[in-house]
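Enquirer: The structure that follows is given in the form of structure tokens.
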């Protein structure tokens, strides 16, 4: 049994991104759950484009990058060893830089895949198979560690309490729900829609519903009032980057909800481990996506022609708004994250 057991459809390894038979299949989260469609990539370049074009989000791009490296190994398998290694280096760069905000984290994945391929080639073994073994290994390890995070977070949620989320926390969300189910804690969840891709409406709410919990969807301008009227107990998110200095980089909208939570005395717990490659917020590049995307909803334009848009994909929540960071080693205060590396 793999560590994705008892989780929702969206969180199963093979339903995120997978390499098999010379192609990579990526679940198209842009249209889920209205449609259950997999994008098939025949080259690693197409995988990079899928990551860039938001076919998959949250942890999805990291898994897609790893299986994309397996596809790259398949593409160059008929080349001499030195040329294969050079090809994989180029593929790693293309995949890791598909989303600039997470490039440093992505490099850790692609570097691991590249090393697995080199070791396989030195042993006259199939590089693509070796990368898939590496991918499954890091997924099993990741899900194991996130299961710990889920249990630590579940301990902070009152019996039958109400939790507000933001964006799509992916496996962190699933593991927290699995831990609550084990504790027979029938929590309720409130989910902002998270425009313009509506990850909250389409992904987060789907996972919560599929795992048997009560879930209510709200629009992105309702969190503060909802905190009052629905008696929210905990606000929690994952993060695209957790800086060692305590700053949280997550889907845009997190900052304003954290401000509202602080005003109403609601604790904010961010899940994930601090990123040593980001010692401070100054090392993070905030991605700005195509501004036209905010002028549309589900493929239809909602603003008059000539109106301009602005689309920062992430925002920055300062440490004074964060109650704690829930890591696989326990919960740390936002100003204590350097201790993670000596625990």
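Enquirer: Any chance you could give the angle, 0 to 90 degrees and rounded to 10, that helix 103-122 forms with the longest Cα principal axis of the chain?
Expert: 30 degrees
Enquirer: In nm, what is the difference between 0.36 nm times the number of residues separating residue 148 and residue 40 and their Cα-Cα distance?
Expert: On the way: separation 108, 0.36 × 108 = 38.88 nm, distance 3.31 nm.
Gain on stretching residue 148 to residue 40: 35.6 nm.
Enquirer: On full extension of the chain, what length is gained from residue 52 through residue 221, given 0.36 nm per residue of separation minus the C-alpha to C-alpha distance?
Expert: Going from the current span to full extension adds 58.1 nm.
Enquirer: For the residue pair residue 181 and residue 125, what label-to-label distance in nm results when each label sits 7 Å from Cα along the Cα-to-beta-carbon direction?
Expert: Reported label-point gap for residue 181 and residue 125 is 3.4 nm.
Enquirer: Normalising by the residue count of the stretch 155-342, find the relative contact order in percent from Cα pairs under 8 Å and 6+ residues apart.
Expert: 21 percent
Enquirer: Using helices alone, what [θ] at 222 nm do you get for the chain, with -39,500 (n - 2.57) per DSSP H run of 4 or more residues, divided over all residues and rounded to the nearest 500?
Expert: -11500 deg cm²/dmol
Enquirer: Relative to the longest principal axis of the chain, what angle (0 to 90°, nearest 10) does the C-alpha long axis of helix 127-154 take?
Expert: 10 degrees
Enquirer: Right, something else. For the stretch 155-342, what is the percent of antiparallel DSSP beta bridges, rounded to the nearest 5?
Expert: Antiparallel bridges make up about 40 percent of those DSSP assigns within the stretch 155-342.
Enquirer: Could you rank the peptides 285-293, 41-49, 299-307 by their average count of other C-beta atoms within 10 Å per residue, with the highest value first?
Expert: Highest-to-lowest ranking by the protection proxy: 41-49, 285-293, 299-307.
Enquirer: Along its three principal axes, how long is the stretch 66-132 when you only count alpha carbons? Whole Å, largest extent first please.
Expert: Result for the stretch 66-132: principal-axis Cα extents of 36, 16, 15 Å.
Enquirer: Compare 308, 329, 142 in a GNM of the chain, Cα atoms joined below 10 Å, and give the one with the largest fluctuation.
Expert: In this elastic network of the chain, the residue with the biggest mean-square fluctuation among 308, 329, 142 is 308.
Enquirer: Ok, one more. Looking at the chain, what % of its DSSP beta bridges pair antiparallel, to the nearest 5?
Expert: Around 55 percent antiparallel, to the nearest 5.
Enquirer: Taking a quarter of the surface of the convex hull around the Cα atoms of the stretch 169-288, what do you get in nm²?
Expert: Dividing the Cα hull surface by four gives the mean projection, 7.9 nm².
Enquirer: Okay, next question. Return the FRET efficiency for the residue pair residue 79, residue 288: r is the Cβ-Cβ distance, R0 is 56 Å, and the value is rounded to the nearest 0.05.
Expert: The calculated FRET efficiency here is 0.90.
Enquirer: Average the reciprocal distances over every distinct pair of alpha-carbons in the stretch 236-288, invert the result, and give the Kirkwood radius in Å. Could the numbers behind the result be given before it?
Expert: Working: mean 1/r = 0.0856 Å⁻¹.
Taking every pair of different Cα atoms in the stretch 236-288, averaging 1/r and inverting gives 11.7 Å.
Enquirer: R0 = 35 Å: FRET efficiency of residue 280 with residue 141, Cβ-based, nearest 0.05?
Expert: FRET efficiency, residue 280 to residue 141: 0.80.
Enquirer: So, one more: For the stretch 9-144, compute the orientation-averaged projected area of the C-alpha convex hull (one quarter of its surface), in nm².
Expert: If you wrap the Cα atoms of the stretch 9-144 in a convex hull and average its projections, you get 7.5 nm².
Enquirer: Against the longest alpha carbon principal axis of the chain, how many degrees, from 0 to 90 and to the nearest 10, is the axis of helix 171-182 turned?
Expert: 60 degrees
Enquirer: Multiplying the sequence separation of residue 263 and residue 14 by 0.36 nm and subtracting their Cα-Cα distance, what value in nm do you get? Provide the component values of the computation, followed by the final result.
Expert: Numbers: separation 249, 0.36 × 249 = 89.64 nm, distance 4.14 nm.
So the chain would gain 85.5 nm between residue 263 and residue 14.
Enquirer: Roughly speaking, what is the centre-to-centre gap between the stretch 41-111 and the stretch 273-343 when only Cα atoms are used, to the nearest Å?
Expert: So the separation of the two Cα centres works out to 23 Å.
Enquirer: Under the definition of Cα pairs under 8 Å and six or more residues apart, what whole-number percent is the relative contact order of the stretch 9-144? Please list the in-between numbers first.
Expert: Values: 197 pairs, mean separation 29.5, N = 136.
That works out to 22 percent.
Read-outs throughout are calculated quantities, based only on the coordinates presented, and are distinct from any laboratory measurement. Since we're looking at a predicted model, the values are computed, not measured. For neighbour counting, all protein chains shown are included, and Cβ atoms are generated from backbone atoms with ideal geometry for every residue, glycine included.
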